[in-house]
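Structure first, then comments.
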Amino acid sequence: MSKTPYNSNVRSKKCPFKIAGVKDVDYKDIETLKNFTTERGKILPRRITGVSALFQRKLTKAIKRARQVAIMAFVAND
């Protein structure tokens with residue numbers, strides 16, 4: 001009897017930026033950046049979002065840059 005992997009029928013997540021054909025993540029596009037942060041303001045990891053490593057680095061820089069220029073909040077308002 002051959003063993004099958006535990007999650008053999010789980011699909012791998014595709015990078016939403018590669019699917020959309022995005023070349024660079026813009027720090028001024030707040031609606032896109034909010035999709036990759038929690039309601040408390042934390043950046044979601046790529047294992048949750050399915051973003052590739054290259055775009056995760058670009059996304060992190062864009063979120064941090066948007067926070068520095070006060071377009072995004074560092075933490076959520078309670």
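Each reported figure results from applying straightforward, stated rules to the coordinates on display, with no laboratory input. Only a predicted model underlies this, so the values are computations on that prediction, with no experimental measurement involved. As a convention, Cβ positions derive from the backbone with ideal geometry for all residues, glycine included, and neighbour counts pool all protein chains shown.
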**OP:** Please specify each residue of the range 63-78 satisfying the condition of being part of a helix (DSSP H, G or I) and more than 14 Å from the chain's Cα centre (by Cα).
**Re:** R65, A66, R67, Q68
Subject >> Per-region count, the range 30-46, residues assigned to a helix (DSSP H, G or I) and farther than 19 Å from A20 by Cα >> reply: 0
**OP:** Output the number of residues of the range 24-68 satisfying the condition of being surrounded by fewer than 10 Cβ atoms within 10 Å (Cβ to Cβ) and farther than 26 Å from V10 by Cα.
**Re:** 4
Subject >> Single unsatisfied condition, T60 versus (1) hydroxyl-bearing (S, T, Y); (2) part of a loop (DSSP other than H, G, I, E, B); (3) within 9 Å of the chain's Cα centre (by Cα) >> reply: (2)
